[in-house]
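Some notes on the structure that comes next.
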Amino acid sequence: MNLPPLTLGIGDRFGHQGQAQLRALQYARAEGIEVSPVWNKSNREHALIGTEPPSLRAEAEEAVTALGWMYPYFVDADHINLKTVDRFLEASDFFTIDVADSIGKTPEPSAVDRLVAKHAGKPLEYPGLSSPILRGPDEVRAAAAKFLCAMQEAGEVYRHIASLKPAGSFAVEVSTDEASAPQTPAELYLILAMLADEGVPVATIAPKFTGHFNKGVDYEGNVGDFTREFEDDLIVLKHAGPALGLPEGLKLSIHSGSDKFLIYPVINRLVKKHGAGLHLKTAGTTWLEEIAAVAASGEEGRRLAAGIYADALARYEEVTAPYATVLHIDRAKLPPAAEVSSWDGARLARAIIHDQSCPDYDPNVRQLYHVAFKLAAEAGTKFTDLLKLHDEAVGTAVTGNLWERHLKPLFL
Ligand SMILES: [Zn+2]
C-alpha cells in the first residue's frame, strides 16, 4: 500500500490522547498542510505498559470517528520482527519491519555474487548529490556483508505478513535506525536494491542518520553533516526508487525520537525543495505532556509526578535499560528527589516541558521522565483518573505540543 506524501508517527503510551493528537493534524489541514497520522506503539511499549495492539486500533478509530476525520490514518506495528509480528497482524495496517539486529550477519556467498552481478555498475551521478554513488563490485560486496542478511530477513517478514493479510491492505516500512552506525547514501541505494530483489514493496525506509536522536530531547550532532546526508538520501530515493522498480511515492522515514527542533528547519526546507514525501516518527512524548499537565493540575497531581521521579531515580537502571542507547542523561546533574518534591506543580512542569528558552527546563529530568512511563503504568488508575479529571488541560497541552512544536516547524 502506498502512503500519503506526509505522515506523522504519533505515540500515545496510555491511549487517552488520540483525539487531542488528531486535533493537531486538523489544525494543520486548516492551514493547508495535509499530514496523515500513524499511531505507533512498539512491542516493547506494549510489554512495559501491559497493552495489546487492538487497543491502539480502537483508540485511533474512536478519535477518527469523534472528530469526523475523513482522511487517511494508519496503525503501526512499530519495530516488529518475525518473532513479534503475529499479535499485530489483525490490528495494524502499517508495519515497521526492524532488521537492525541482522546487520553484519554473514550472507551466503552465492547470494552476494548474484547481488554483484545484478547491481554493480558505474557510479551513479544523480543531479544534486554531494558525491556520486559508488557501486563497483567492491562496494556492492561491502554493502552485502553489512546488509544483505538483514534485507533478506525483511523479505521474510514481509512475505509472512503478506501470507496472512491481503496484498495492498498494509504499508511497509523497513527500519535500520537502531543500527550501531549510520548508513551512507550509497549504502541506502544498495539497501533499496536488496529490498527490490526481495520483492518488498517498501513505502518508507528509516535509515540511521548521522548524529544522535535521543528520546525526547533535541538533536545532537553536526547539522551541516545531517543536511548533506539527508539531501543526498532524498535524491537517492527520488531516482533509485523508480529505477529499481520500488513503489511510487517511496519516502524517507525519520525515527526522530521526538523533538529534533534543531534540524526541523532543514527537513522542512529540503522536503519542499525536492517535492519529497516524509514520514516522521515521534516518540511517546505525549506522555510527557500528560505528566507535566498532571503535575501542574493541583496537589494530588504534583505529588504523583514527584513520586514517579523519586521512584525513577531509585530504579534508575531498570527504567533506563531498555533505552540505554538513545538516552543522554547526565546522572550527576539529576536533582535529588527531595528537591523535586519541594517544587510546586508549575515548577515541576517547567522542568519537563521542552522549552529550551525556559531556565527551569531540564533535559536530564525530561529524559528520566520519558523512560519512567512504566512507573505511571504501575500507578494504574491513580494516574489515569487524574488524566480523566484534567482531560481538558492535558488535551490542550498535547494538541499544542504537536501543532506548535512539531507540525508548524516541520511543514508550514
Ligand atoms: Zn526506530
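Bear in mind these aren't lab numbers, they're just calculated from the coordinates by the rules spelled out. What you are looking at is a predicted structure, and each value in this text was computed from that prediction instead of being measured. Neighbour counts run over all protein chains shown; Cβ positions are idealised from the backbone, glycine included.
So if I check each of Ala91, Ala162, Ala144, Ala179, which one is within 16 Å of the ligand (Cβ to nearest atom) and surrounded by 15 or more Cβ atoms within 10 Å (Cβ to Cβ)?
After ruling out the rest, the residue left standing is Ala179.
Within the stretch 226-274, restricting attention to residues that are of a type in the set (S, T, N, Q) and in contact with a helix residue (DSSP H, G or I) (Cβ under 6 Å, 6 or more places away or on another chain), which residue is nearest to Thr184 (Cα to Cα)? Looking at residues that are of a type in the set (S, T, N, Q) and in contact with a helix residue (DSSP H, G or I) (Cβ under 6 Å, 6 or more places away or on another chain), I get Thr227. Scanning the stretch 165-176 for residues that are of a type in the set (Val, Ile, Thr) and away from the ligand (no atom under 16 Å from the Cβ) gives no hits.
Just the residues that are away from the ligand (no atom under 16 Å from the Cβ) and hydrophobic (A, V, I, L, M, F, W, C), please, taken from the stretch 236-262.
Residues satisfying the conditions are Val236, Leu237, Ala240, Ala243, Leu244, Leu246, Leu250, Phe261, Leu262.
Of the residues in the stretch 26-44, how many are aromatic (Phe, Trp, Tyr) and under 13 Å from the mean Cα position of the chain (by Cα)? Before you say what the answer is, go through the steps one by one.
Taking the stretch 26-44 first, the residues aromatic (Phe, Trp, Tyr) are 27, 39.
Now restrict to residues that are under 13 Å from the mean Cα position of the chain (by Cα): 39.
Looking only at that region, the number is 1.
Taking the condition within 16 Å of the ligand (Cβ to nearest atom) and not charged (D, E, K, R), does Val200 pass? Outline the logic, then answer.
On the way: within 16 Å of the ligand (Cβ to nearest atom): no; not charged (D, E, K, R): yes.
Spelling it out, it is not the case that Val200 is within 16 Å of the ligand (Cβ to nearest atom) and not charged (D, E, K, R).
Scoring Cys149 on the criteria (1) part of a loop (DSSP other than H, G, I, E, B); (2) of a type outside the set (S, T, N, Q); (3) in contact with a Lys or Arg (Cβ under 6 Å, 6 or more places away or on another chain) leaves a single failure, condition (1). Counting only residues that are surrounded by fewer than 24 Cβ atoms within 10 Å (Cβ to Cβ) and among the polar types (S, T, N, Q), the stretch 283-312 holds 1 of them.
Among the residues in the stretch 102-121, are any within 16 Å of the ligand (Cβ to nearest atom), closer than 25 Å to Val38 by Cβ and out of contact with any Lys or Arg (no Cβ under 7 Å at 6 or more places or on another chain)? Within the stretch 102-121, one or more residues are within 16 Å of the ligand (Cβ to nearest atom), closer than 25 Å to Val38 by Cβ and out of contact with any Lys or Arg (no Cβ under 7 Å at 6 or more places or on another chain). Scanning the stretch 79-88 for residues that are surrounded by 22 or more Cβ atoms within 10 Å (Cβ to Cβ) and either more than 28 Å from Pro37 (Cβ to Cβ) or out of contact with any Pro (no Cβ under 8 Å at 6 or more places or on another chain) (or both) yields His79, Ile80.
Pairs are defined by a Cβ separation below 6 Å, a sequence spacing of at least 6 or placement on different chains, a first member in the stretch 125-137 that is without any contact (Cβ under 8 Å) to a residue 12 or more places away in the chain, and a second member that is of a type in the set (Ser, Thr, Tyr); no pair meets this definition.
Just need a number here: residues in the stretch 115-136 that are out of contact with any strand residue (DSSP E or B) (no Cβ under 9 Å at 6 or more places or on another chain) and surrounded by 15 or more Cβ atoms within 10 Å (Cβ to Cβ).
To start, the set of residues in the stretch 115-136 that are out of contact with any strand residue (DSSP E or B) (no Cβ under 9 Å at 6 or more places or on another chain) comprises 115-122, 127-131, 136.
Narrowing the set further to residues that are surrounded by 15 or more Cβ atoms within 10 Å (Cβ to Cβ) leaves 115-116, 119-120, 129.
Total meeting the criteria: 5.
Looking only at residues of the stretch 336-349 that are in contact (Cβ under 8 Å) with a residue 40 or more places away in the chain and crowded, with 20+ Cβ neighbours inside 10 Å, we find that the one that is nearest to the chain's Cα centre (by Cα) is Ala349.
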